[in-house]
Every structure is written in C-alpha cells, then in structure tokens.
Amino acid sequence: MAKLIIDDKEIEVPDTFTVLQACEQAGAEIPRFCFHERLSIAGNCRMCLVEVKGGPPKPQASCALGVRDLRPGPNGEPPVVSTKSPMVKKAREGVMEFLLINHPLDCPICDQGGECDLQDQAMAYGIDKNRYAENKRAVEDKYIGPLVRTKMTRCIHCTRCVRFTTEVAGISELGLIGRGEDAEITTYLEQAMTSELQGNVIDLCPVGALTSRPYQDTARPWELSKTETIDVMDAVGSNIRVDTRSREVMRILPVPHEGVNEEWISDKTRFIFDGLRTQRLDRPYVRKRGKLTPVSWTEALGEVVKKVKSTDAKKIGAIAGDLAAVEDMYAAKKWLESIGSQNMDCREPGSVLRPANGRASYIFNSSIEGIEDADAILLIGANPRIEATVLNARIRKRFTRAGIRIDVVGEPAHLNYPYNHLGNDPKALEKFKGYGKNGPKNPIVIVGQAALNRSDSEAILALAAKTAEKIGALRDDWNGFNILHTAASRAGGLDLGFVPAKGGKDTAAMIKQMDLLFLLGADEIPMHDIKGSVVYIGSHGDAGAHRADIILPAAAYTEKSGTWVNTEGRVQTGRRANFPPGEAKEEWAIFRALSAHTGTILPFDNQQQLRKQLYQEFPHFAEVDTVAPGAIADVKALAKKAGRVNKAGFASPVTNFWLTNPIARASKVMAECSQLALGNHKVAAE
C-alpha cells in the first residue's frame, strides 16, 4: 500500500494503482478521453493532467503515472498531488483548446449530441474563446461496414476504438495511419469490420466520430424512454437498456454487469431492433380453405378449443422456442397438465439434457465471471465466438492476461485467440490424456450444443464429465463442468421442468406423432416433418407461422415483463419497454384465456399471481440476479454413465451468427451483415 496526499486529503491505495485511480478513490474528478478501465493505457489525450509536487515542473498525465513512481517529500512525507491547482486548470484549458482546433461545429446535427464527452468536458474544463484562426482540417469519411458510421473529422485520436478491436474483440481491424496532421483512424483499404463486437466502439468513442449507422438521424437521447432489461439473442443474458420513442424501439445499449457482460454486448443484441418492427404478427389468423385469414380473438380461441376437444390429450403437445420466458412456459405447462397432457419440451430435437440428472448437469457451473479464475479451458463441440460472443470475449481476456492453455475438440474455427486443436470428433476426447501431475489448478470444460444433439450425445456428455473429473475440475471449491447453451429459454425451461414427464413425448417425437402441436415461438425445428395441426403462438411471421393452422400473436421480448435464466443458471428479470402491436398479447395471458375456453381455468388472473404461484413451486426463481449452484455429485454421477461415441465430427447448430431467431431474420440490418459475412467467407475460401 502507498500513502498520498490528494487535494489536502491523505489516502492509502495499493501501489499498483495509477495516480488517476488514486485521485478517483480520493473523490477527485479527473477528466479523460483516451483512458478506459478495460483497455490498455495510451496516455495520448493529456486531459487527465495533475500537478505532482516534488516532480517535474509541469503537469503529469495521471493515467500513465504509477503511484509507486511518485517521490516522497524530503523527510519521507507522502507525495502530494493536486487536481485543482491553477497550473492544472490552465493546462486542461490548453488541452481542450488544442482538441477543438480542428473539431467541426457539428453539435446540432451530431448523433452524439447530449451524450458527448467532448461536449461535457468542454463545458466543464474549457474556455469560451479560441485563439486559432487557421482553416480546420477535414478528413474523408471511411466506410467500415453497415453497423458503424464514421465522421472522422471529429476524431481526436484517443485510439479507444483501436485498442478495443485489438485487445477485447481480438481482431486488429482498426488502426492509425499517417503522422501529425495526416493521422487517420481507418480499416485496411476501408474494408468492412468483421467482428461480432464492433458496435461497442460506438459507446467507447468520446466524440461523434463513430456512431450507429442504423440509429443515425432518427432520435435524440432526451426524446427516448429508457428501460433496463435482459437480452435474449443468446443464453449469456447480457444486461441491456432499450430506448423507445412512443411504441417503437429506437436503439439498444449495454448496461454494465461485472458477472455477465461487463459493459459489452454483441452486435446482434445491439442492432436487432429494426427486426422488432417488421414481419410482426398483430392479429389472430385461422387457416381457411388453405389460406391464413385474419379473425377475432374469440373466433381464433374457439377454433383452438374445437381442435383440443376433438383430439386425444395424449396427442396434444407443446414446444417452447429459444426466446420463451419462464412465465410463458409455466402457464403452458399448467394448461397442458390441466387437460391431461404430459407432452412438452423446451429442448431441440435429440437433446439429452435432463432436469432429473441435477441442475449441475445443464448449467455453466464455474459461472461466466469464473472464467477469469480458470487456468486451462477445454472446449468440446463449442464455438463460443458465434454461440456466445460476449462470453468468448471473457475467454480471450483470460488468455491475454494469463496465457492459459486452451484446447478444442470440435470444428476448427477462428476464435480470436490461439488454441490446440485436438480433433473434430469425440474420439479425440477419448484420447485426451489430461494435463499431467503439475497441471492447472482450476481447469474448466465447456460442452457446446454441437455435442448435445447427436445419437451418441449421452456418451459424449458422460465422457465430458469423466474428463472434467480426471483433470481435477470437480472439487468441493471448484466445479469446472460447464454446458454452453445457445437459447435464452433453455436453462429456465429445464429448471421449470418443461420436459416430458413419464409417458410424455419429447421434441423429436412430438414433431412426428402429435395431432395438435402448440409452438411457443419455436421456429428452429424442422417444420416439414410436423404431421398434425399447428397452433403457433409467436411474435413474427417466420417458419412456424407459415406452417401454422392457427396463429395467436404474441409479444416480443421488449414488449413484456418476464423471467429468463442464462446459461450459468442466473435468474434475470426483463422489463417491458414498449407495447406489442395490434392485438398481440403475452403468451401466459393467451394460455390463461385458452384455459377459460376449455373449462380448465388456471389459478391466476395476472402476472403477479402467476409469479407468486411460480415462486412457491420453484423458490429459486424469486432470487433475481443470483445463481442457485448445482451439486458436484450430480456431475460425478453423470461421469459414471457408460456409452460408446462414434467418429462423426461435431457440427455447430449455429451456422449463421446473424440469423439465429425470428427477430433476426426479420431485420434488414442483420440480413446485410449476413450477406457481408458470407462474402467474406467466400473470399477467404478462394
């Protein structure tokens, strides 16, 4: 620890701190442009200047000056730092004057207006005049892709974007070229960026040089209503803020959460919002004479009741899609049980994950934040870059800081960090000998969905658990056995028991055997294999709606309050940001209305009553933002199961990162990104 006197206040801080961190701990406000807590130190904006007594007779950049580098007084007194002296005030005014020499007067038309660090700090630390009369420098705008728009004349060369793409995203796509007045930030030959995290440079940019292209010129921040909720584009459960104007989602931004997404979100999460406006189902439909015809809710529910009453309960089933909330699945489960059906499933066809095997058998036991404690990682049938982009950034962060060993059994892919490819099939996992006597202390095993949808998945899951036990990943103080989900609904559905009970049918069997099948936004199953009638309850006119005989329009994830459980088993609550279009309703309310028509009325009239009953039956759902841990004994029991693996290679179920769900497939921006990605793959192949 080191003692300092900052603005006449003595404090004690770790000697690894920078002076900027020490000043903030002392309660002093330090302006900055280039410094960011999650990026390396550049020290090139000079806005964070402070005065250090006993040091050189000039202001010091506090972000690049370590506490341990400060000299004590002549009699051993603590170093003295001033953040408010006349020297500091004048120096900051000078720096701000330099920054504004070439900055254009774009504030009235700039998307950053109202949220601009340069604007705020010019007011707080700048002066009201400029001594420069020369012409301003102008820089040509660069095309760097369909997501990020550039106005590089505004750029102050803080290099935050360059450091982010290199250090966090792991793709060196942005760089600074030229020198002096000719310096510019650009991509190589003005190519489009390919990172799935590139949109985060918009948040990092302290000026309006990098802004959101889809959001461009559509709204001002003070016009928007802001709602903090949960992302459902993957199973990470990133915390987000949805900004709306009237009934329309205008943009989506990250909310910091150290345990889940830090302060990053994937580009699919950020730019999906235009898909919430298109191809929406806003009224019920019934297929008449081969054509879907709009009808009233009363008529639509009447048609559903006719089909239910004319069908044996054992031939009625429900499949929950990737975006379903816990409340929706709970209502569906209770209604199915009330009519005598046990046919329900929240898993993809062929999945071997079962609540009966214990919670530890299907969650990410080490936790997402626990990746930072791992010293070896084994990926089995997982491609986290496209299946859980933000989680992949956490793995890269751990690799860059500790240089840990990463092994992969599965498809070779560009994961943005080096790894040892052991093979593409389960046989390679059988041959894996572990790490030896002096192996890692906290190894983790991550099993992806490519390993869980096969004929030999039972054996692979047991082999993965056995491998985790062999390498020391299962201890009383460390559970390194992890399942990486790709669907936001899956962990919650498994917690809820939305799986077939004794005598019930799973997804694969229901597709081929049910006479009446309810789809809760389940668009990823093979529709052409469904034999019976289909009631589709969803928000978009996607594959399920095309196959449906009856469509009941539902709310999208931003249009309802709901509970989701992420891949690590963390219970999260999403909040309604806007209202669904037309006559669409929340799924749980649809099943409540349906129960009244079938004479099996569910015992709740609103969501509060539903949640009260849910929490009584499953108490851990009431513990929001916490993880109910799984038992290591369940993983060890899984490891004892026998089975034989085959030689077929792993194949990720996510073939196109940008088009994984109905909302994404309705998005024009996602379609453009998909086409760009396919073009890049073709070029790479050639």
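What residue, of Ala628, Ala622, Ala639, is within 23 Å of Thr558 (Cα to Cα) and open to solvent by less than 50 Å² (accessible area, probe 1.4 Å)?
After ruling out the rest, the residue left standing is Ala622.
In the set Gly544, Gly532, Gly538, only one residue is open to solvent by 10 Å² or more (accessible area, probe 1.4 Å), within 21 Å of Lys288 (Cβ to Cβ) and in contact with a strand residue (DSSP E or B) (Cβ under 9 Å, 6 or more places away or on another chain); that residue is Gly532. Within region 47-69, if we keep just the residues that are open to solvent by less than 20 Å² (accessible area, probe 1.4 Å) and closer than 18 Å to Met1 by Cβ, the residue that is farthest from the chain's Cα centre (by Cα) turns out to be Val67. Taking first residues from region 292-304 that are in contact (Cβ under 8 Å) with a residue 40 or more places away in the chain and over 17 Å from Trp335 (Cβ atoms) and partners that are open to solvent by less than 60 Å² (accessible area, probe 1.4 Å) and of a type outside the set (Ser, Thr, Tyr), the Cβ contacts under 7 Å between residues at least 6 apart in sequence or on separate chains come to Leu292/Ile551.
Cβ-Cβ distance below 9 Å, separation of 6 or more or different chains: which pairs start in region 222-235 with a residue that is small (Gly, Ala, Ser) and modelled with pLDDT of 95 or more and end on one that is in a loop (DSSP other than H, G, I, E, B) and surrounded by fewer than 17 Cβ atoms within 10 Å (Cβ to Cβ)? Hits for this filter: Ser225/Ser246. Selection over region 150-195 of residues that are exposed (fewer than 15 other Cβ atoms within 10 Å of the Cβ), outside any loop (DSSP other than H, G, I, E, B) and among the small types (Gly, Ala, Ser) gives a count of 1.
Need a quick list: helices (runs of 4 or more DSSP H) entirely within region 335-433 having at least 1 residues that are β-branched (Val, Ile, Thr) and open to solvent by 10 Å² or more (accessible area, probe 1.4 Å).
Working: elements: 384-387, 389-402, 426-431.
Once the helices (runs of 4 or more DSSP H) in region 335-433 are filtered for at least 1 residues that are β-branched (Val, Ile, Thr) and open to solvent by 10 Å² or more (accessible area, probe 1.4 Å), what remains is 384-387, 389-402.
One residue alone among Leu452, Leu484, Leu463 is over 24 Å from the mean Cα position of the chain (by Cα) and among the aliphatic types (A, V, I, L, M), and that residue is Leu463. Output the residues belonging to region 482-508 that are open to solvent by less than 20 Å² (accessible area, probe 1.4 Å), among the hydrophobic types (A, V, I, L, M, F, W, C) and farther than 24 Å from Arg385 by Cα. Scanning region 482-508 gives Leu494, Leu496, Phe498.
If the condition is being touching a Lys or Arg at 6+ places or on another chain (Cβ under 9 Å) and open to solvent by 20 Å² or more (accessible area, probe 1.4 Å), then region 322-334 contributes only Asp322.
If only residues of region 511-522 that are in contact with a Gly (Cβ under 6 Å, 6 or more places away or on another chain) and open to solvent by 10 Å² or more (accessible area, probe 1.4 Å) are counted, the one that is nearest to Gln279 (Cα to Cα) is Gly521.
The values are calculated or read from the model by the stated rules, or taken from the named source; none is laboratory data. Computed from a predicted model, the values in this text were never measured in an experiment. All Cβ positions, glycine included, derive from the backbone under ideal geometry; neighbour counts span all protein chains shown. Surface areas here come from the heavy atoms of the whole protein model, side chains and all, with no ligands, DNA or RNA. Shrake-Rupley method; radii C 1.70, N 1.55, O 1.52, S 1.80 Å.
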